[in-house]
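For reference, the structure discussed in these notes is given below.
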Amino acid sequence: MNYQLILFYIISIIVQYTNSVNLNTGFTDALTHEEYEDDVELIKIRFDTTRPCRFFSDERYPKVEKGLANCSWYEDDACCKRTEVASVFESMFTLHQASTQCRNMMNYLMCFFCAPDQYLWYIKKRVKICQTFCDELYKNCKTAEFSGNMI
């Protein structure tokens, strides 16, 4: 185990915590107890060399899975199976008036369960999505419609 990396992550959490402390009150403005626990959990997970596919179980691990239509970029190191991808995309909703970029981003998002690094962002049965991705998704999909409603 690389202790320098562990120390780096612990220091980054401390810096994040101290940067969020309001000097007038001593209370944190940004880091909740739940966020702190998630950060600690993430540190443990980062050093787990087994890299479990946590969306499915801690017993499944990434492996080669050819024929992943719609999620082909994960074929060499996938947490999902071909049949699972087919099932998800068969039941995928139809977007109307969606740009190519919107459709591509939605496709990428729908493939999250194939990602071999899901152990980093699928924590406590919650998917964490970067704010920048959410902003881009909204920008590209804000005029798209699903069942007559704008998404």
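The values are calculated or read from the model by the stated rules, or taken from the named source; none is laboratory data. Values in this document were obtained by computation on a predicted structure and should not be read as measured data. When we count neighbours, we look across all protein chains shown, and the Cβ atoms used for this are built from the backbone with ideal geometry, even at glycine.
Does K81 count as more than 24 Å from K125 (Cβ to Cβ), at pLDDT 90 or above and either basic (K, R) or within 19 Å of the chain's Cα centre (by Cα) (or both)? Here the answer is no, as K81 does not meet what is asked.
Of all the criteria given as (1) modelled with pLDDT under 90; (2) of a type in the set (S, T, Y); (3) crowded, with 17+ Cβ neighbours inside 10 Å, the one not satisfied by S57 is (3). Helices (runs of 4 or more DSSP H) fully within the stretch 79-138 that include at least 1 residues being of a type in the set (V, I, T) and surrounded by fewer than 17 Cβ atoms within 10 Å (Cβ to Cβ): 82-90, 100-110.
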